[in-house]
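Written below as structure tokens is the structure these notes are about.
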Amino acid sequence: MDFEIRKVRTAQGTRKLRGERAEYFRLVQQGYSNKEASLHVGVHERTGGEWRNGRTDPRRYRVPARIERAPAAAPSRYLSETERIHIADRLREKATVRAIAAELGRSPSTVSREIRRNRTV
């Protein structure tokens, strides 16, 4: 056999493990399992699996660019002070919970919970 495992395993830049990789694929095509081919070539079986599955060096991956998001157009989770004041004013005018919710663009249950939470009886 003409392939020989390198004795000194130092980094070789972009040519890193080129011969081992070619031999690994030749053995896999002949029917060897990942474990057997990796052992024969002299690399860890995880490295062989990464070669087989087409993964490259994880340090080569680029960090995705940050996406600037526009502020949400929907109301926030919490009621603002102006919304609470609006609810109090409309309750004094004897408006219904559903009418107040429609004016604020909120769910009637949200307005109802706010009224119940801040009721003084």
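The values are calculated or read from the model by the stated rules, or taken from the named source; none is laboratory data. Given the structure is predicted, the values throughout are model-derived calculations rather than measurements.
Can you confirm whether Ser76 is modelled with pLDDT of 90 or more, of a type in the set (Gly, Ala, Ser) and not assigned by TED's automatic domain parsing to the domain that holds Leu17? First the steps, then the outcome.
Details: modelled with pLDDT of 90 or more: no; of a type in the set (Gly, Ala, Ser): yes; not assigned by TED's automatic domain parsing to the domain that holds Leu17: yes.
Considered against the rule, which asks whether it is modelled with pLDDT of 90 or more, of a type in the set (Gly, Ala, Ser) and not assigned by TED's automatic domain parsing to the domain that holds Leu17, Ser76 comes out as no.
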Quickly run through segment 32-73 and pick out the residues that are polar (S, T, N, Q) and at pLDDT 80 or above.
Ser33, Asn34, Ser38, Thr47, Asn53
